[in-house]
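Down below is the structure, laid out as structure tokens.
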Amino acid sequence: MNGKSQLGEFLRTRRSQLRPDEVGMPTYGERRRVPGLRREELALLAGVSPSYYARLEQGHSLNASPEVLDAIARALRLDESERLHLHDLTRSAKPRGRGRRPAPERVSEAAGQLLDALADVPAIVIGRRSDVLAWNRLGHALFAGHLDPGAPGLAARRPNMARLVFLDPHVRELYTHWPAKAGAVVGNLRLVAGRCPEDSALHALVGELSAKSEEFAAMWADHRVRACDVADYEMRHPLVGTLTVTQQTLSHGPGPGIVVATTEAGSPSRTALALLAQATAQTTAPAVPSRAKARAGTG
């Protein structure tokens, strides 16, 4: 999963998903051997030479200007997240010195304070690879109440939301429209892979999920990217039944983000969340690992 291969695979996959008629490209009824647009057709739409585009797709021309990349993004009908992903892939494909091991992820003191302040709102701290670094009591109860509440504090047992969504039956059953949640998880991992192509732990996670889940492997091969900032999900919780939550990520910079789940005021979902808070009131789920464990972090 190096930068060059990711860039080429992304361009080829997205090109194959565009039909000529979608972009006003005449085919004159000819039989086509390849799905989607040909390289020369995409190059024409982007306003670059076919040979230049071919080199870019093959990883041999990595100095494309931002303007050229934006032109290719428009030709491919990419949305804003996908356009930024294309720029990330091009940067990561360029030769560089020996890669540095990513810094361990930790729950900052400020994030811990925010998690404590959100006592009445389900909240979890998520790392770049979707590792759960911490959660408050309601976050644990809503997203993974069947797991040990202290699991995020132990690196060897730390839950990973991507792994849970695809491989844990309990979490899979939580989402009424599971494919939407699964697609968001994969799309976010694709974004991270574009920014951190040398992250060996991310490579291992993707390899594990691809081997254990055919659905993950198919979604990963589709090269769809998605920034999981805000999304509504209908959940079927075993304790309080069906509720609809808005999951949104509070993030500043490249560090871990805090995912919170909110409900509409006065709605049955708000009532269900209040019932969940009552049902789990005696549960002790540490919001933030002890300082010693937090310093240990994870790479």
If all Cα-Cα distances of segment 119-213 are sorted into 10 Å bins from 0 onward, what percent lands in each bin, rounded to whole numbers?
-> 15, 48, 33, 4
What's the carbon and sulfur percent of the chain's accessible surface, probe 1.4 angstrom, rounded to a whole number?
-> 52
Using the Karplus curve 6.51 cos²θ - 1.76 cosθ + 1.60 with θ = phi - 60°, work out ³J(HN,Hα) for each residue of segment 120-132 in order, rounded to whole Hz, and write x for Gly and Pro.
-> 8, 10, x, 8, 9, 9, 10, x, 5, 9, 6, 5, 7
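Using 0.36 nm times the number of residues separating R33 and R270, minus their current alpha carbon distance, what extension gain do you get?
Values: separation 237, 0.36 × 237 = 85.32 nm, distance 5.38 nm.
The span from R33 to R270 would gain 79.9 nm if fully extended.
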Cα axis of helix 80-93 to longest principal axis of the chain: angle in degrees, 0 to 90, nearest 10?
-> 70
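Can you give the extra length, in nm with one decimal, that the chain gains between M25 and S210 once fully stretched, where that is 0.36 nm per residue apart less the Cα-Cα distance?
Details: separation 185, 0.36 × 185 = 66.60 nm, distance 3.55 nm.
Extending this stretch completely gives an extra 63.0 nm.
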Cα→Cβ-extended label distance, 7 Å offset, between L154 and E109, nm | 2.8
Accessible area per residue of the chain at 1.4 Å probe, in Å²?
-> 50
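Å³ per residue of the Cα convex hull, for segment 119-171? Let's see the in-between values first.
Numbers: hull volume 3.7 nm³, N = 53.
Cα convex hull per residue, to the nearest whole number: 71 Å³.
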Among (i) 17.8; (ii) 13.6; (iii) 16.2, find the value of mean projected area of the Cα convex hull in nm² that was calculated from the structure presented, and write down its label.
-> (i)
Can you quote the Å³ per residue value for the convex hull of the Cα atoms in segment 184-263, rounded to an integer?
-> 125
Roughly what would the spin-label model give for N63 and D79, points 7 Å off Cα along C-beta, in nm?
-> 3.5
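The values are calculated or read from the model by the stated rules, or taken from the named source; none is laboratory data. The structure presented is a predicted model; accordingly, all values stated were derived computationally and were not measured. With ideal geometry, Cβ positions are generated from the backbone for all residues, glycine too; neighbour counts draw on all protein chains shown. SASA here: full protein model, heavy atoms, side chains in, ligands and nucleic acids out. Shrake-Rupley method; radii C 1.70, N 1.55, O 1.52, S 1.80 Å.
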